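Contents: one structure, followed by commentary.
The values are calculated or read from the model by the stated rules, or taken from the named source; none is laboratory data. All figures in this text were calculated on a predicted structure; none of them were measured in a lab. Glycine gets a Cβ as well: all are built from the backbone with ideal geometry, and neighbour counts include every protein chain shown. Side chains are part of the model used for accessible areas, which takes the heavy atoms of the whole protein and leaves out ligands, DNA and RNA. Shrake-Rupley method; radii C 1.70, N 1.55, O 1.52, S 1.80 Å.
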Amino acid sequence: MTTVFGGTPYGPQIKEIRIMGGCVCIEVHDGACLKGFPEFAYERGVFNRPFLNFLYAMVPYIITEDELRHVLRTMKDWFLR
């Protein structure tokens, strides 16, 4: 996770990033900024949807490192667009 988000300022939209085990949660100040994320992610092969002010992933423990990087990169790219 730190290699995907590390060294990058969170930006004005992101309030906090929390990680515990196989769960990552990105909390934003305004949930409206997540509108359109499910389509954005799906186009990149990731099924994910935000909940209120939270963009989260609960990945299985059998996920490969490349798959995990792809999921996290998709989440990060949403905020860099």
Name every residue in region 6-35 that is of a type in the set (A, V, I, L, M, F, W, C) and assigned to a strand (DSSP E or B), in order of residue number.
-> I14, I17, I19, M20, C23, V24, C25, I26, V28
Just give me the residues in region 50-81 being open to solvent by 80 Å² or more (accessible area, probe 1.4 Å) and of a type in the set (F, W, Y), in sequence order.
-> F51, Y61
Which residues, taken from region 27-81, are among the charged types (D, E, K, R), touching a Pro at 6+ places or on another chain (Cβ under 9 Å) and at pLDDT 95 or above?
-> K35
Which residue pairs have Cβ atoms under 8 Å apart, sit 6 or more places apart or on different chains, and have a first residue in region 29-47 that is over 22 Å from E67 (Cα atoms) and a second that is open to solvent by 90 Å² or more (accessible area, probe 1.4 Å)?
-> H29/P12; H29/K15; G31/L52
Picked from region 36-60 (must be assigned to a loop (DSSP other than H, G, I, E, B) and closer than 14 Å to V24 by Cβ), the residue farthest from the chain's Cα centre (by Cα) is P60
